[in-house]
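The structure appears right after this line, and notes come after that.
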Amino acid sequence: MKTKKVAIIGASGYSGEELVRLLLNHPQVELVAVTSRQNAGKTLAQVFPRFASHPVSRALRFVEPQADELAKQADIVFLALPHGVAAEYAVPLLRAGGTVIDLSADFRLRSPAVYKEFYAHDHPAPELLAQAVYGLPEFYREEIKRAALIASPGCYPTSVLLPTLPLLRAGLIQPQGIIADAYSGVSGAGRKAEIDYLFCECNESARPYGVPKHRHLSEIEEQLSLAAGTRVVIQFTPHLMPVNRGILTTLYLTPRAAVTDAPGAARVGAEIAAAYAQAYAREPFVRMLEGTALPDTKNIVGSNICEIAWRLDPRTGRLIVMSAEDNLIKGAGGQAVHSMNLRCGFPETAGLI
């Protein structure tokens, strides 16, 4: 199978660093360019000493981000940039005929009005929204295979959508009244120097933030609405927890059928189990837990796996669904590489197991 040349714009952030790690060791790609304004001229090994044993890291140097040059060098370009900035590079790269996988929020939404509502500025390239494919491989596999512009989902949305979409599509839960409680490691805030994310501010502490309207609500609600066939509005509260990486999300859902007695709970439970089996039995990166097991971030950190477990509560009539993922891999770089594998016709697990 032919090797693809890839580049990363914004390779010095946490997600960019994970992309570097995954792509350096991918059997079917050649990492030909990495960009970073502050590190231009330095080798990968100098900026990321943990990659120093890889021969490419001692030769490949960071360069200034120049879309026209990168389009000539690479078949696929990953954008690991802040929202609002990524679109500036996507436009010329696509015009040059390249494939773009964007890890920012710039192309995750279909509506420029919704983008402006949640990101507080006009969309920089609204003409591209219609051609962007949401890069959730478990649900948009065929579309990703044909896409020139792939919008990789956010980390929180991935942790909410993977547990919820199969149930909404099967009509097993009410689209109203969904509550999502999520906890993220500090790396989710990005590699930046801000007081709120200093060690002494985060260690031995957990706190909510982005209440009541976190930016990721926009793509979560859009994807849930598409699955339900009606507008879905949820309550979403993110929290910062004192670990480096990982996301743990608990969802509180209402089944369409009553679960107030044992027969009702058994019937609904069988339907839920069947929906999840149909959705994920053959998915390499979703692990449905069985028996008494519950999601635990220590079991997924460093992997491209999302763990999911669920419990019916006849006392409250609620369905509780829990998920755990690595925010930098399944929630960012790993999911983007999965999309690249699909786009290029590589084995889906290439470079990820």
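Scanning region 153-187 for residues that are of a type in the set (Gly, Ala, Ser), in contact with a Lys or Arg (Cβ under 8 Å, 6 or more places away or on another chain) and within 17 Å of residue 336 (Cα to Cα) turns up just one, 154.
The condition of being surrounded by fewer than 22 Cβ atoms within 10 Å (Cβ to Cβ) and touching a Lys or Arg at 6+ places or on another chain (Cβ under 8 Å) holds for only one of 300, 320, that being 320.
The rows are residues; the columns are (1) surrounded by fewer than 19 Cβ atoms within 10 Å (Cβ to Cβ); (2) farther than 30 Å from residue 349 by Cβ.
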residue	(1), (2)
250	yes, no
255	no, yes
264	yes, yes
272	no, no
293	yes, no
304	no, no
315	yes, yes
324	no, no
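Of all the listed residues (332, 277), the sole one being in a helix (DSSP H, G or I) and touching a Cys at 6+ places or on another chain (Cβ under 8 Å) is 332.
What about residue 9, is it in the same structural domain as residue 127 (by TED's automatic domain parsing), buried (at least 21 other Cβ atoms within 10 Å of the Cβ) and in contact with a Cys (Cβ under 8 Å, 6 or more places away or on another chain)? Show your work before the answer.
Numbers: in the same structural domain as residue 127 (by TED's automatic domain parsing): yes; buried (at least 21 other Cβ atoms within 10 Å of the Cβ): yes; in contact with a Cys (Cβ under 8 Å, 6 or more places away or on another chain): no.
Taking the combined requirement at face value, the residue does not satisfy it.
Any chance region 67-84 includes a residue that's of a type in the set (Asp, Glu), touching a Lys or Arg at 6+ places or on another chain (Cβ under 8 Å) and surrounded by 14 or more Cβ atoms within 10 Å (Cβ to Cβ)? Yes, region 67-84 has at least one match. The set of residues in region 319-333 that are touching a Phe, Trp or Tyr at 6+ places or on another chain (Cβ under 8 Å) and over 11 Å from residue 155 (Cβ atoms) comprises 319, 320, 321, 322.
All told, residue 44 meets the bar of being buried (at least 21 other Cβ atoms within 10 Å of the Cβ), over 22 Å from the mean Cα position of the chain (by Cα) and at pLDDT 95 or above.
Among the helices (runs of 4 or more DSSP H) lying completely within region 78-152, list those that include at least 3 residues that are assigned by TED's automatic domain parsing to the domain that holds residue 31.
Working: elements: 86-95, 112-119, 137-146.
By residue number, 86-95, 112-119.
Note on region 26-73: residues that are part of a helix (DSSP H, G or I), within 17 Å of residue 93 (Cβ to Cβ) and charged (D, E, K, R) amount to 3. Residue selection: residue 183 fails the criterion of being assigned by TED's automatic domain parsing to the domain that holds residue 296 and either acidic (Asp, Glu) or farther than 21 Å from residue 152 by Cα (or both). Residue check: residue 246 meets all listed conditions (1) under 26 Å from residue 6 (Cα atoms); (2) of a type outside the set (Asp, Glu); (3) under 17 Å from the mean Cα position of the chain (by Cα) but one, namely (1).
The values are calculated or read from the model by the stated rules, or taken from the named source; none is laboratory data. As the structure is a prediction and not an experimental result, all values here were calculated from the model. Cβ sites come from the backbone with ideal geometry, for glycine too, and all protein chains shown count toward neighbours.
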